[in-house]
1. I need the calculated FRET efficiency for the pair SER182 and GLU114, taking r as the beta carbon distance and R₀ as 35 Å, to the nearest 0.05.
2. As a test of the definition: which semi-axes, in Å, follow for the chain when you take the square root of five times each eigenvalue of its alpha carbon gyration tensor? Largest first, please.
3. Using helices alone, I'd like the mean residue ellipticity at 222 nm for the chain: each DSSP H run of four-plus residues gives -39500 (n - 2.57), total over residue count, nearest 500.
4. In percent, how large is the relative contact order of the chain, given Cα pairs closer than 8 Å and 6 or more residues apart?
5. State to the nearest 20 debye the size of the charge dipole of the chain about its Cα centre, where the only charges are +1 on K and R beta carbons and -1 on D and E beta carbons.
6. Can you pull the one-decimal nm distance between simple spin-label points at PHE218 and SER17, each 7 Å off the Cα toward Cβ?
7. If the convex hull of the alpha-carbon atoms of the range 21-146 is projected onto planes in all directions, what is the mean projected area in square nanometres?
8. Can you list which of the chymotrypsin sites (Phe, Trp or Tyr not before Pro) found in the range 59-148 are DSSP loop residues with at most 14 other C-beta atoms within 10 Å?
Amino acid sequence: MDVYEAVASRRAVRGFSGEPVPREALERVLRTAARAPSGANLQPWHTYVLTDAPLAELKERTAERVAAGDPGDEREYQMYPPELTSPYRERRFGAAEQRYAALGIAREDKQAREKAVTANWDCFGAPAALFSYIDRGMGTAQWADIGMYLQTVMLLLRAEGLHSCPQMAWSMYRRTVAEVVSPPDGLVLFCGMSIGFEDTTTSYARIARAPLAETVTFLDGQGRSGSTASARERKDRYVPEQPLTSPSTTHANPRYVQEGL
Ligand SMILES: Cc1cc2nc3c(=O)[nH]c(=O)nc-3n(C[C@H](O)[C@H](O)[C@H](O)COP(=O)(O)O)c2cc1C
């Protein structure tokens with residue numbers, strides 16, 4: 001699998017088969033992901049990998065809290081700004097709409113939506129999960145390093161035929177995670193990540209992205225084009241986004257072809 005294919009086929013998978021994830025594959029992925037860049041090579045990531053009994057215990061303990069209506073622990077960081085402005089607000093709601101539509105859940109069906117959210121704490125059925133911590137003293141640049149590391153992990157998982165779902169939802173029950181993984185003092189849980197083989201019977205939406213011109217501006221000496229370009233400039237210069245495929249390979253997997261990838 002080449003890099004384009006890994007990027008194109010990664011998505012937040014929320015339905016896993018129970019098939020165990022080989023330990024060697026996880027070690028290979030995490031050993032290689034350590035090549036991710038970080039400012040001054042700080043490598044600020046602390047990763048805990050749970051499978052088998054420890055993961056079952058975590059799921060069970062968390063399920064008890066969720067079932068009891070426990071709203072979770074006081075947050076250690078803000079998942080989103082309290083007032084999301086445009087275009088982020090629309091993107092956030094758009095993603096939720098696409099996701100629930102694919103699951104056949106109506107906007108007003110609060111119960112079904114809640115059930116879908118609750119699946120987070122069962123890791124969507126995944127038999128493996130990692131928990132990503134960072135030192136409390138680290139700054140925003142190091143949090144960005146963690147993001148690069150986690151994306152590297154997710155792409156390498158694709159190369160192993162595995163899928164993933166990063167989950168900030170786990171930060172809501174961080175004390176329960178801490179009871180099971182016993183991290184040293186001073187670490188903050190950023191997120192969990194469910195890992196496993198996809199349950200191909202679970203329906204999903206391929207969540208859309210903003211057009212390139214909305215998020216990228218090119219300055220090439222001929223003028224500007226992209227998000228700050230005028231409508232006229234955009235019309236003249238904007239080339240529609242190409243399907244995210246490798247320039248040199250075609251996909252053997254008919255699913256990718258079906259999705260136009
Ligand atoms: C840092 C981070 C945290 C996330 N937390 C959750 C989560 O708690 N639960 C969940 O179902 N998805 C979570 N996601 C997945 C996003 O919703 C998903 O990546 C986004 O909607 C785009 O969809 P795609 O990854 O399938 O293309 C998270 C993604 C990131 C990067």
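Readers should treat all values here as calculations from the given coordinates under stated rules, not as data from a laboratory. Everything quoted here is computed from the prediction, not taken from an experiment. So basically every Cβ, Gly included, is an ideal-geometry build from the backbone, and we count neighbours across all protein chains shown.
1. According to the calculation, E is roughly 0.70.
2. For the chain, the ellipsoid semi-axes come out as 32, 22, 22 Å.
3. The helix contribution divided over the chain gives -11500 deg cm²/dmol.
4. Reported as a whole number, the value is 33 percent.
5. 720 debye
6. Label-label distance for PHE218 and SER17, simple model: 4.2 nm.
7. 10.5 nm²
8. Filter output for the range 59-148: TYR77.
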